[in-house]
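The values are calculated or read from the model by the stated rules, or taken from the named source; none is laboratory data. Predicted, not measured: the structure shown is a model, and the values here were computed from it. Don't worry about glycine lacking a Cβ; one is built from the backbone with ideal geometry, like all the others, and counts go over all protein chains shown. Accessible surface areas use protein heavy atoms only, side chains included; no ligands, DNA or RNA. Shrake-Rupley method; radii C 1.70, N 1.55, O 1.52, S 1.80 Å.
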Amino acid sequence: FASDIYSLGLMFQELFTGVSPYENWPHSSLKERLALAQEGGARVVQGLDPDLSDLIGRMKTLDPFLRPTAVEVAHRLQVLEEKPVRKRRRRLTVAAIVILVLFSTGSTFQALRIARERTRANQETETTRQTLAFVDSLFERTDPMGKEGAVTSIKELLDHGRRKLEDLQ
């Protein structure tokens, strides 16, 4: 019955908010309570989930044809009961996506850093290879005995190397 839904709405309001739906309800007479109920002077539901507040407000509507049926109330209560699970599931999904994005971003930066280091190492290897080839060529083409059997000095070797470097540039 619609009157049962109205009464249940009043009980839900007091149960969920801890406040009587009518001002001075416990201290008013039966006649005053009936007058308040007929006028629809119940307090507005505050401090609850907006969906639950809306349901209780619809249950307390003065026009019985605008009140939800018992089946509608039961369905809405079930949906409200499942709401925290859906929120938690949504939060877990968002957290998983954020973690995946952060991991992907970190992996990408790590891969770029490794590629830069590999390029730098290859360049240094090539520089070392060229330096060794240059030093080898310096000693290969120089007569260790020098002119007329004299020993080639280190200064002469370095001068020869300097000339080769100048020729390369």
* Filter pass, F16 being open to solvent by 50 Å² or more (accessible area, probe 1.4 Å) and touching a Gly at 6+ places or on another chain (Cβ under 9 Å) -> yes
* Asked: Does P50 fit the bill of being open to solvent by 90 Å² or more (accessible area, probe 1.4 Å) and modelled with pLDDT of 75 or more?
  -> yes
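Here's the yes/no breakdown for (1) over 27 Å from R162 (Cα atoms); (2) modelled with pLDDT of 95 or more; (3) small (G, A, S); (4) exposed (fewer than 10 other Cβ atoms within 10 Å of the Cβ):
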site	(1), (2), (3), (4)
V79	yes, no, no, no
V85	yes, no, no, yes
R89	yes, no, no, no
L100	yes, no, no, no
G106	yes, no, yes, no
T127	no, no, no, no
Q130	no, no, no, no
* Taking region 59-77 as the search range and keeping residues that are assigned to a helix (DSSP H, G or I) and free of Cβ contacts under 8 Å to residues at least 40 places away in the same chain, which one is surrounded by the most Cβ atoms within 10 Å (Cβ to Cβ)? -> R76
* Structure fact -> F65: passes all of (1) within 24 Å of the chain's Cα centre (by Cα); (2) under 30 Å from M11 (Cα atoms) but (1)
* Would you mind stating whether Q38 is in a loop (DSSP other than H, G, I, E, B) and open to solvent by 70 Å² or more (accessible area, probe 1.4 Å)? => no
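Can you pull out the residues in region 68-88 that are among the β-branched types (V, I, T) and under 15 Å from S53 (Cα atoms)? Steps first, answer last, please.
We begin by selecting, within region 68-88, every residue among the β-branched types (V, I, T); these are 69, 71, 73, 79, 85.
V73, V79, listed by residue number.
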